[in-house]
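Report on one structure; see the data block that follows.
Throughout, read-outs are computed from the coordinates displayed, never taken from laboratory work. Everything quoted here is computed from the prediction, not taken from an experiment. Reconstructed Cβ throughout: ideal geometry from the backbone, glycine too, with neighbour counts over all protein chains shown.
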Amino acid sequence: MNPFTPSAPAPFASAPGPTVRAVHDEFHGDLLEVSMGPQHPSTHGVFRMVATLDGEQLVKLKPVFGYLHRNHEKIAENTTYLGSMPYTDRLDYLCSMSTNWAYALAVEKLAGQAVPERAQYLRIIMAELTRLVNHSCLVGFLFNDLGTSFTPLLYAFREREKIIDLFEALSGSRMMCNYQRFGGCRVDPTPEWLAAAQQLVDNFPRFLDEYERMLTGNEIMLARTQGVGRLDATHAINAGITGPVLRASGVDYDLRKVDAYGFYAQFDFRVPLGAHGDTYDRYMMRILEMRESVKILQQAFKRLPAGPIMDPKAKLRGFRPKAGEAYGRLEGPKGELGFFLISDGSPNPYRYRVRPPSLINLTLLEEMCLGHTIADAVVILGSIDIVLGEVDR
Amino acid sequence: MLGSGIINGLIVTAKNFAGSYHDPERMVTVEYPEQKTVLPENYRNFPFLITENATDPMGTLRCVACQICEKECPPQCIIIEKSKDKKPDATGKLQLYPAIFGIDTSVCMSCQICVEVCPFDAIKMDKVFEIATTDRFQDLFLDRERLAKPNSYYHEIHPVEAAEVDGRLLAERKAAEEKAKVAAAAKAAAAAAKPVVTPPPATP
Amino acid sequence: METLEQIRARLLLAYPAAQITFVTNPGPAAEHSLLIEAAHAVEIARWLRDDPALRLDYCSNATGVDWPDKTITDVTTTTEPDPAGGPAKTVEIKTTRLQPGYLEAIYHLYSIALKQGPVVIRLRTANRTDAVTLPSLTPTWRSCDFQEREIFDLYGIIFTGHPDLRRLLMWDEFKDHPMRKDYVEPDDYEWEPTAHGAVLERAKPHQSAAAAPAPKMGGTP
Amino acid sequence: MSDPVASPTPFPAAGNISDAEREDLRRHGILMTSLEELHNWGRSNSIWPLQFGLACCAIEMIAAATARFDIARFGAEIFRPSPRQADLMIVSGTVTKKMAPQVIRLWNQMPEPKYCIAMGACAISGGPFKQGYNVLKGIDRFIPVDIYIPGCPPRPEALLNGLIQLQKQIKAEQLTGPNAARFTRPEEPSEFPIPAYGAHDLVPTKNDAVWAPPTPEAKA
């Protein structure tokens, strides 16, 4: 059969039938099944949900993944350890610096590689700046999903551009920084860069205040988010949900405190916790975390020691860790980002696995959305904060 | 009061709207084709090859076709074929040169790993980004003629880094010359001490 | 937290019939693991989750690994006394044996309640072809849901007891398990201007005999 | 405005005046234009892109739409969620084999005249991910692409640069005559066949009517 004959239309993406169809349910009666995505303005990329609707209420919701499955793990198993570093930028393309760090952390654990003190501080600075980028963009996208069109996103991107400019001045690229190396960082920031970063961080709370004045008290937002998409703590833990979504349900689990990787143990910051686990709490969690990040950054700038940024024993080429395996994880802006590596002593990893927080945080999407309207499902998805590069890898 | 949150939000947007006419902090638009962003020194887009000399670019390529970047390039977008013969490089030493050097910019991910692994400082990152084309095959595959750019261009786009690289290369060359001088002196001394020995082997 | 040996000892007390092997990790990370027999995996997983001293309530990472069949050459040296009375001869006998491959599922468990971990457990299938069934741990930890679907998709381990075992990333009509080491990639190497190494081998059949392996193009700027 | 291309059979309203004469008239305050030029001017300054992000490049596309780069200055800020209302498809990011049929379907649903920009390495050739088993090596294997913007990801300015080039291309299009634009000729295909999901790959893997690698002779 030639599939190019016009009489044989191709099936729609593993869902037989059209994108909207009527289904019959014994319990609910006549329902409508709607395929949302993979091209949909509010699914944050190429995510697809097959939603079954009773009127406007969701009866069933099945996420469909894989539209951005770029075979990151397979490619990484065929390249060197260093060669995978730029690919990790493209995993979570909003926060390349933290993803870099997570990968470097796992490889350093695998190879027993030490990291100098200055590099540790620089990593914390980059990770927290990334958190600011991610959370402010997320809030912008969340309000976009709530129906504000574009405005909060414009404000968020105005701030993002400032931080991205810093990343560009340091690493050479706006989004794909490729900054961390096994045993340190690639470029040492100049005093001018540090002064500019310090100034940005000093000004950031002002932006946050403005942002909050614009958004937090908004009655429409309160009505649309409070009590919507509740997630209780026991279920969240069992479903492996991490990051701000878990903490919004009131579970005190932040890897910066629990694992105290890097030099986080020396920093003074609080872990904000939610009480209700609804969309509003998840929104507030992001705002509060940004304020804590500003605190961490201020301390880091104050205490940044002088010294080398690369461990002298670190190797760039011909890097061959001893046989073994390691699971390194850190608190990414979206949740626990882990890399699991198995080495067989060759220059390429035998097994390279990314533990994507975005994918696993979606485990309870259906439970959170059921009973709400389809418009709320979009908001709940927005409050979980996914990036499809990481969901599908 | 119900609605005060909405009004507060509107006040913020109104302030920003008014501010976008007079407050430089809120005037963020870069009017691109007329007004260019000043790219930072470290900015990278695609690699290029450094030649010592602008007049004879193919004769003075720094690249010695060692193929390290070809092997290390994560998306495998570099192709190098070694030359059959050798040409003298900047120091006069005979070296191989790339007969074919190609970079497929339609694949390149601008990761800079080729620059980091190059032991000869022969490949560096360019800043040109306005390269949209209508033909993918001819225009996006860069061969060595199109990749080669003189060292003066490198100084223009990355002044600090280029000065550092040049200083290092100069120091290396001086050290090599010193070493050669010392070796030659030692050889001469040895020849003087033992006049009847086999002639010194030809230095390459 | 207890060491892995202590956990194993307590597990063996609770489940005397189960086979639990200690797998050492030779690398500097020294994250050792427990290899658990598939027949008892579900009970042991529940025990690990509910034990008051461990409370591993959070399964962070579940992943598959493919270990293909390996031919191992054993060299046994024996000394044979020389019948002529001379010095004993050493004879090397080389025997090759086929170590059957298997698929492995690895789970990294942590405790959020007690803030401890990780405990790494592994399950292995009997082989890579027909006996690729493992019990699903999704009823114990819901976080394994998508991850086990992904393992099924990419490695082909069938998890019994999984509530919704379908392909996660590839389309449903897809036949292979692409993360396996012996997976053959689809042949779409028609245009490879910078082919070398493994890519060149795959691109060669697409290039006509007249064409050079690395065509030079775009000559004039 | 770019210089208009002399048409062999000029549109009646354009008349037979040369560019120099026209420029002379413009200096005297008389704007001479043809219906064709007016039409192209209007089209090129209100390109509505399809709101359609695939991967990393989509973030740079959004950045191009925000205050700093402001794609609205080119009349292209109205990102349409529906393909029926869009003129331009910016393929911004990796097209996986699972996503490719949907991209082609969206392209088919767009009305003529329509244009396609392949933004970033992945959309052009599969980019860094091209060796992956699920990555389509370039969207031009199935649909025709007008402008390729290399980069990983390209800066928002690079996208604007590509858009300006597309505008130039649109302004040079002719509505009648032998060199008339593609969309005016009914025999040119506007819709392209959609590949099916096969057991190992898309079936077929490329549309031979749209894409062929250059022959070795042409390369030399």
Query - Additional length obtainable on full extension of the chain from A:E219 to A:R206, 0.36 nm per residue less Cα span - result: 2.4 nm
Report summary line: Note: A:233-240 gets an average of partner chain Cβ contacts (10 Å, Cβ to Cβ) equal to 6
Query raised in the report: How do C:R142, D:R22, A:R320, A:R282 rank when sorted from fewest to most other Cβ atoms within 10 Å of their own Cβ?
Result: A:R320, D:R22, C:R142, A:R282
Report summary line: Calc'd 3J(HN,Hα), segment A:183-195, phi into Karplus 6.51 cos²θ - 1.76 cosθ + 1.60 (θ = phi - 60°), Hz, glycine/Pro = x, comes to x, x, 10, 7, 10, 8, x, 7, x, 5, 4, 5, 5
Requested in this report: Over the whole of D:137-144, what's the average partner chain Cβ count within 10 Å per residue? Rounded to a whole number, please.
Outcome: 2
Report summary line: Restricted to pairs 8 or more residues apart or on different chains, the lysines in segment B:47-166 with C-alpha atoms under 26 Å apart form a number of pairs equal to 22
**Report entry** Top positive-direction residue, dipole computed over the protein assembly as shown with Cβ charges, set A:A102, C:T140, C:A29
**Finding:** C:A29
Query raised in the report: What is the pair-distance distribution P(r) of segment B:47-166, computed from all Cα-Cα distances in 10 Å bins starting at 0, with each bin given as a whole percent?
Result: 13, 47, 34, 5, 0
Query - D:Q109-B:E41 FRET efficiency (beta carbon distance; Förster radius 56 Å; 0.05 resolution) - result: 0.75
Query raised in the report: Taking the alpha carbon gyration tensor of segment A:233-344, what are the square roots of 5 times its eigenvalues, largest first, to the nearest whole Å?
Result: 31, 22, 10
Report summary line: The helix A:279-303 Cα axis meets the longest alpha-carbon principal axis of chain A at an angle in degrees, between 0 and 90 and rounded to 10, of 10
Query - Dimensionless Rg ratio for the protein assembly as shown, taking C-alpha atoms and the 2.2 N^0.38 Å reference - result: 1.01
Query raised in the report: Whole number please: convex hull volume per residue of the Cα set in chain D, in Å³?
Result: 156
Requested in this report: Please work out the FRET efficiency for the pair D:L175 and D:H28, using the Cβ-Cβ distance as r and a Förster radius of 35 Å; give the result to the nearest 0.05.
Outcome: 0.80
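Placing +1 at every Lys and Arg Cβ and -1 at every Asp and Glu Cβ, with all other atoms neutral, what dipole size does the protein assembly as shown have around its Cα centre, in debye to the nearest 20?
Once rounded to the nearest 20, the dipole reads 2160 debye.
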Query raised in the report: segment B:135-173 to segment C:84-146: how many Å between their Cα centroids?
Result: 51
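How long are the semi-axes of the equivalent ellipsoid of chain C, taking √(5λ) for every eigenvalue λ of the Cα gyration tensor, in whole Å from largest down?
Result for chain C: semi-axes of 40, 34, 17 Å.
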Report task. Would you mind ranking C:C144, A:C177, D:C122, B:C66 so that the residue whose beta carbon has the fewest other beta carbons within 10 Å leads the list? Result -> B:C66, A:C177, C:C144, D:C122
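Per DSSP H run of n ≥ 4, the term is -39500 (n - 2.57); total these for the protein assembly as shown, divide by its residue number, and report the mean residue ellipticity at 222 nm rounded to 500 deg cm²/dmol.
It lands at -10500 deg cm²/dmol.
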**Report entry** Residue-wise HN-Hα coupling along segment C:88-104, computed from phi with Karplus coefficients 6.51, -1.76, 1.60 (Hz; x: Gly, Pro)
**Finding:** 5, 8, 9, 10, 9, 10, 9, 10, 9, 10, 9, 7, x, x, 7, 9, 10
Query raised in the report: Using alpha-carbon positions, what is the distance between the centroids of segment D:184-213 and segment A:209-275, in Å?
Result: 47
Query - Binned Cα-Cα distance frequencies in segment D:128-220 - 5 Å width, integer % - result: 2, 10, 13, 16, 19, 19, 13, 6, 2, 0
Query - Taking C:T133, A:T234 and counting other C-beta atoms within 10 Å, the order from fewest to most - result: A:T234, C:T133
Query - Where a label projected 7 Å from the Cα of B:S4 along Cα→Cβ would reach, residues of segment A:194-228 with amide N under 13 Å - result: A:217-219
Query raised in the report: If you take the beta carbon distance between C:T90 and C:N127 as r and set R0 to 45 Å, what does 1/(1 + (r/R0)^6) give as a FRET efficiency, to the nearest 0.05?
Result: 0.75
